[in-house]
Each structure stands twice: as C-alpha cells, then as structure tokens.
Amino acid sequence: MSVTCCSETVNRSAAAESLVVKAARLAETLEQGVQAFIEASDENLGDIELQIEQQSRELLRAAAEKAAQKKADLVPPICPVCQKPLSRVSQGHQRSFECKFGTITIERVRGYCKRCRKWRFAADTVLGLEESAGYSPRVQEMAALLASKMPVGEASAVLEHLTGVKLPRATLDREARRQGQRAQKLRRQQDEQACQNPPKAVQSELVLEPYQMIIQLDAWNIRERDQWGQTRELRRRAQEPERWHWVYTGTCFRLDQRGKTAGGRPVISERGFVATREGLEALREQLYAEALRRGLGQAAGALVIGDGAVWIWRLADDRFKDARQRLDFYHAVQHLAAVGRALFAEDQTKLKAWLKPLVRQLKNQSAVKVVEQLEDILVQLPKGASAPAVEKELNYFREHQQRMDYRAGQRRGEPIGSGAVESSCRQAQCRFKRPGQYWTPQGDEALLCLETFWRNARWHLLFPHNRQSDVSKN
Ligand SMILES: [Zn+2]
C-alpha cells in the first residue's frame, strides 16, 4: 500500500482489514480448540459446537456492525415518511442495537422534517430498526416468534440459551406485542387488498379440475382480565374480575389440496387459518379475505362445516351464502348418544347396541331415516322423565337435517367433520390456555395475529429478510 494515499482510503482499508484480521485470529483460536477437543476424553460434539459458536460471535458481530454503519452512511437525509428533504441535519448520533450476534453501535445522521414536524433518522428506516426499541429485525422476529409459541418467561430463557441473545422477559413481551400490532395493521391492509382486487378468475380452459372450497369454523375461549386494580372493589360487589372471551377460529382449503399420508392420515397441503378475539364481524371479514386469497373466487362451490353453534350458520348465510352447510358428524353422533343416555341411563351395553346401527345409518344412509326412528321412539315413550330429553334431540336433528348429507359428502371425497379447524384450535390453546394465564384484549389479539402470519406462510411479509426461505408451516 502506498504511504501517499489519501486518508479516506487508509480509513477504509483499515476498516476492511479489521474483519480480515479478526477472522485470521478466530481461525487460529478455532484450530487450538480443535486440538484441545481431540485430546479431551470427556467432551463430545456438543462441547465443540458450543465453543465454536461462542468464539465466532465477536467476528459476526463486528461484520454486522460494519455492514450497518456502511449502509447508514449512504442514506440521504430525506424523511422516510413523506420523502421531503430533512433540515438542521447533523452527523454522529450514536445508538446501540441488540442484533443476533450481540450489541452493535452505529452513528447516524439526524434531521428535522418540517412537514411531519418530527426529528428523523433516515438510516434507522433503511436498516429496519425504526419499529423497535433497540432491536435488529432478526431479534424482533425472534421475540415475535417465540412469544407467539410459548410464555414469555420461558421464551426469554430459551432465546438466551439457544442463541446467546439476551432479552429480559418484560422487554421480550413488549417487543413481541409491538410486532403483533404491526402484524394487525398489515393484516388489515392485506384483507382490504384481497377484497378490492380478488384474484382474477382463471380462464375456463386453464382450469384443469373444478374444485370445492372447504371452510370450517369453531370457537374456544380465552381468559382475560381487563379490570386490573379493581379486584377488591369487584369482589365487594360479589363480582369476579376474570372474564372469558371467545376466540373465533376458521380454516379454509381447496378440496383438491387434501390428501392422505402413506399411513392413511388426512393431510392438507395448503390451508388458510384465521383466529381473532375481536368478535364475529372481525372473523367474518378475515375469513372471507383468506378464502379469496386461497381461491374462493374460482371455486366451483363452497362447503361450510361446523358444530351446531348458531353463529356459524349465521356467518355462513351472511358471507358465504352460496355455500352448502354441513354439521360436523361427530357432534351429530354426540346428540344421538344423548338420546341413548336418556333411554338407557347407565346401561352401557344396551346403549351401545342401540347407538351403533343408528350411527352407521346416519353416516352411510340418510338423516331422514334417523329422524323417523327418533319420532317413533318419542311416540312410544311414556310421558316420563326421558321424553323431554328425547324431544329436544329430535328437534336438533330436524333443524339440522339438511346439513347431514354425510353419504353424499363421503362419495364426493369431502370431509364430514370439522377436524381440521378443531386441531387448529387445540394447537392454539396449547399456547393461550395455560394454568394461571390471563390476557389483556390487546395482548392476545396481537399474538394471535402473529400466529396467523406464521401458519399462513406469510411470515416473510412481516419480516422480509425471510423472503427467500419459506419458514412458516401450515
Ligand atoms: Zn416527513
């Protein structure tokens, strides 16, 4: 290198050199580690994995810091919100951020936006640091993903153990909620887009096979406490502060994307998932948008499956009015069993002998025949204790008779139960219904929203650094 080169070149090559030097030093340390590992009789691969990880961290951190600084230096002083040039621009504003490899510190330019009337750091936006309390996009993502999968106390410990990233419980919670609120905003935009510009109908000659859209609905409840600090006062008035709220859940998929594993278990290759505690209207609009994204517009028909809950059929009539409706087969069987219990009380042998042919008939023949038999039973019953119970169930079967086309459904290869949505509910409950857990209405909706982005394979829309790899699963 020439000693007469300008100072800028010297600075740049010194900065470039530092990574090379650090890498060389690391390589030497790693070689020594390998030697020590070979000689240590009580160490297995896990020991050296951990050691390599810890020793490499500083090099990775330095590389991230260098990259962030170089990128920040290139950002012009323009307001990232309104694109107007910034005024009163000054250099050298330091800030530290937690990244995956440790703390990085960068210097940024600050300027005032006269239009927004705000001080702006344009570099923060370019680096993806503006919507965070000092965390890099990768760490923001980690907080969001872990908090939507496990309680934050555990998430904090697991994160530090597996990655070395230190995020105290309260900070992780705050960061995850912030990301969840961002997800809710993005969901609203996405849903509006899906409804305004639904995917164009594919030309008929291009449609290979007409398909059915299957929509399943269910609900479960979550425990919330939104009257903090008022417990005593409420109890004095003989009220309890905790409240249960419904989380409405829906799933939708194309029938031709439902298949079976080698072991015969049904699998769905692509399916949309919606969960919200913001009420039925929110579910209705979110599910409709999701169904449009999954191809409702091009479907030959649609089928809504759910248990007997009234809201399900109202929602279906309202938003999916051309769809056929089907009552979950398992729920229908439970109502038949209720008749059996009314007739035979605790006599399990008689109950089973009575129930089995009826269940088979309901599944493989028709609901009409089942209704006829229940009518006969009711006529012959003395006006005793079990008659009202049988009559109640008979009315249930009459009401849902049109939704019990199980034989036709099976012939068309359609599901006769709402197992897909029920399994989604069970999975969500593993996270949201733990002993002693209370949620705030804002907190649970934010995390539920993160979960839907993950499950719908749209995680990369929230965290674009994942756009190359499809990390979410259905
Ligand atoms: Zn502005």
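The values are calculated or read from the model by the stated rules, or taken from the named source; none is laboratory data. Note that this is a predicted model, so its numbers are computed, not measured. Heads up, the Cβs are rebuilt from the backbone with ideal geometry, glycines too, and the neighbour counts pull from every protein chain shown.
Tell me yes or no: at least one residue of the range 212-230 is assigned to a helix (DSSP H, G or I) and either buried (at least 16 other Cβ atoms within 10 Å of the Cβ) or modelled with pLDDT under 75 (or both).
For the range 212-230, residues assigned to a helix (DSSP H, G or I) and either buried (at least 16 other Cβ atoms within 10 Å of the Cβ) or modelled with pLDDT under 75 (or both): absent.
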**Prompt:** Can you tell which of SER424, SER386, SER418 is within 18 Å of the chain's Cα centre (by Cα) and of a type in the set (Ser, Thr, Tyr)?
**Reply:** SER424
**Item:** Condition met for ARG115 (of a type in the set (Lys, Arg), at pLDDT 95 or above and within 13 Å of the ligand (Cβ to nearest atom))
**Value:** yes
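Conditions tested, residue by residue: (1) polar (S, T, N, Q); (2) closer than 28 Å to ALA219 by Cβ.
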site: LYS350; (1), (2): no, no
site: GLN365; (1), (2): yes, no
site: GLN373; (1), (2): yes, no
site: PRO388; (1), (2): no, yes
site: LEU394; (1), (2): no, yes
site: ALA428; (1), (2): no, yes
site: ASP444; (1), (2): no, yes
**Item:** ARG138 touching a strand residue (DSSP E or B) at 6+ places or on another chain (Cβ under 8 Å), under 21 Å from ARG57 (Cα atoms), touching a residue at least 60 places away in the same chain (Cβ under 8 Å) and more than 16 Å from the ligand (Cβ to nearest atom)
**Value:** yes
**Asked** With ALA122, ALA147, ALA133 as the choices, which residue is surrounded by 13 or more Cβ atoms within 10 Å (Cβ to Cβ) and either more than 16 Å from the ligand (Cβ to nearest atom) or under 20 Å from ARG177 (Cβ atoms) (or both)?
**Response** ALA147
**Message:** Checking ALA337 against (1) modelled with pLDDT of 90 or more; (2) of a type outside the set (S, T, N, Q); (3) in contact with a Leu (Cβ under 9 Å, 6 or more places away or on another chain); (4) not in a helix (DSSP H, G or I): exactly one of these is not met. Which one?
**Reply:** (4)
**Message:** I'd like to check something: does the range 49-61 contain any residue that is touching a residue at least 24 places away in the same chain (Cβ under 8 Å), under 29 Å from GLU160 (Cβ atoms), assigned to a helix (DSSP H, G or I) and among the aliphatic types (A, V, I, L, M)?
**Reply:** yes
**Prompt:** Could you count how many residues in the range 66-100 are touching a Gly at 6+ places or on another chain (Cβ under 9 Å) and either within 16 Å of the ligand (Cβ to nearest atom) or free of Cβ contacts under 8 Å to residues at least 60 places away in the same chain (or both)?
**Reply:** 12
**Contacts under 9 angstrom Cβ, first residue in the range 171-198 being at negative phi and buried (at least 19 other Cβ atoms within 10 Å of the Cβ), partner hydroxyl-bearing (Ser, Thr, Tyr) and part of a loop (DSSP other than H, G, I, E, B), 6 or more apart** = GLU175/SER132; GLN179/SER132
**Asked** GLY128: in contact with a Pro (Cβ under 9 Å, 6 or more places away or on another chain), surrounded by 15 or more Cβ atoms within 10 Å (Cβ to Cβ) and within 24 Å of TRP459 (Cα to Cα), yes or no?
**Response** yes
**Complete:** Of the residues in the range 79-98, those that are touching a helix residue (DSSP H, G or I) at 6+ places or on another chain (Cβ under 6 Å) and under 13 Å from VAL126 (Cβ atoms) come to PRO80
